[in-house]
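The values are calculated or read from the model by the stated rules, or taken from the named source; none is laboratory data. Quantities reported herein were computed from a predicted structural model and do not represent experimental measurements. When we count neighbours, we look across all protein chains shown, and the Cβ atoms used for this are built from the backbone with ideal geometry, even at glycine.
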Amino acid sequence: MPEDLPALRERIAACRICEQHLPLGPRPVVVPRPEARILIVGQAPGTKVHESGIPWNDRSGDRLRDWLGLDRETFYTSERLAIMPMGFCYPGVLPNGGDAPPRPECARKWHDPLLAHMPSIELVVLAGMYAQAHYLGKARKKTLTETVRAWREYGPRYLPLPHPSWRSGNILKRNPWIEAEILPHLRAEVARLLG
Ligand code: SF4
């Protein structure tokens, strides 16, 4: 008998697997929903998300919602949208000040059990290179931009995107086809799947 979702959520909430690597300690932020048709796979919480416990509660989240064509209320309340980052807890920063990568233990341990409780997912948005590495594997191209440019190869289930951090403003400027081709497709799919 598979573990039910409330029990799984309790185990995740109590997870300490990579505690020694987390500068602010464990605080898993993940929103599985059994009726989800869309799944957002990002990187890992930043400090604002760690403090609030609310996923995508920052400027990256504002940009993601714009890309999806969703307001905050729909984004946070729709039973058809789930949020599962590559790492559920804030991983700290690198010596150069950049974001540390999501802890690799996390997706390996928790993604498959959570996905087993979300059988209706039709679209997985892979926001950033860590999500793309995990879900596309060898099908990934040499660079993130090339992978995103080849987005049609991964559909209909997977859609690779840049991570919507402040840096993605530059990526969008250099690659206007993202806004011209991918975002209209994404918004139409989101509207269809959220009904
Ligand atoms: S990042 Fe993931 S594996 Fe590490 S403590 Fe948090 S929930 Fe557990």
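Structure notes:
- In the condition set (1) in a loop (DSSP other than H, G, I, E, B); (2) surrounded by 19 or more Cβ atoms within 10 Å (Cβ to Cβ), residue 60 is compliant with all but (1).
- For the stretch 139-195, filtering for residues that are part of a helix (DSSP H, G or I), buried (at least 19 other Cβ atoms within 10 Å of the Cβ) and in contact (Cβ under 8 Å) with a residue 40 or more places away in the chain leaves 4.
- The residues on offer are 107, 133, 127, and the sole one that is closer than 30 Å to residue 24 by Cα, touching a residue at least 24 places away in the same chain (Cβ under 8 Å), among the hydrophobic types (A, V, I, L, M, F, W, C) and away from the ligand (no atom under 13 Å from the Cβ) is 127.
- Looking only at residues of the stretch 28-57 that are of a type in the set (Gly, Ala, Ser) and either surrounded by 20 or more Cβ atoms within 10 Å (Cβ to Cβ) or part of a loop (DSSP other than H, G, I, E, B) (or both), we find that the one that is nearest to the chain's Cα centre (by Cα) is 42.
- Taken over the stretch 28-60, residues that are in contact (Cβ under 8 Å) with a residue 60 or more places away in the chain and away from the ligand (no atom under 16 Å from the Cβ) amount to 10.
- Residue that is nearest to the ligand (Cβ to nearest atom) [pool: residues in the stretch 10-27 that are aliphatic (A, V, I, L, M) and assigned to a loop (DSSP other than H, G, I, E, B)]: 17
- Those residues of the stretch 35-48 which are at pLDDT 95 or above, touching an Asp or Glu at 6+ places or on another chain (Cβ under 8 Å) and of a type outside the set (D, E, K, R), in sequence order: 36, 38, 43, 44
- Candidate set from the stretch 63-74 (those that are surrounded by 19 or more Cβ atoms within 10 Å (Cβ to Cβ) and under 15 Å from the mean Cα position of the chain (by Cα)); member that is nearest to the ligand (Cβ to nearest atom): 64
- Scanning the stretch 63-79 for residues that are touching a residue at least 24 places away in the same chain (Cβ under 8 Å), more than 19 Å from residue 168 (Cβ to Cβ) and not in a loop (DSSP other than H, G, I, E, B) yields one hit, 74.
- If you filter the stretch 80-104 down to residues that are assigned to a loop (DSSP other than H, G, I, E, B) and among the charged types (D, E, K, R), you find that the one that is farthest from the ligand (Cβ to nearest atom) is 80.
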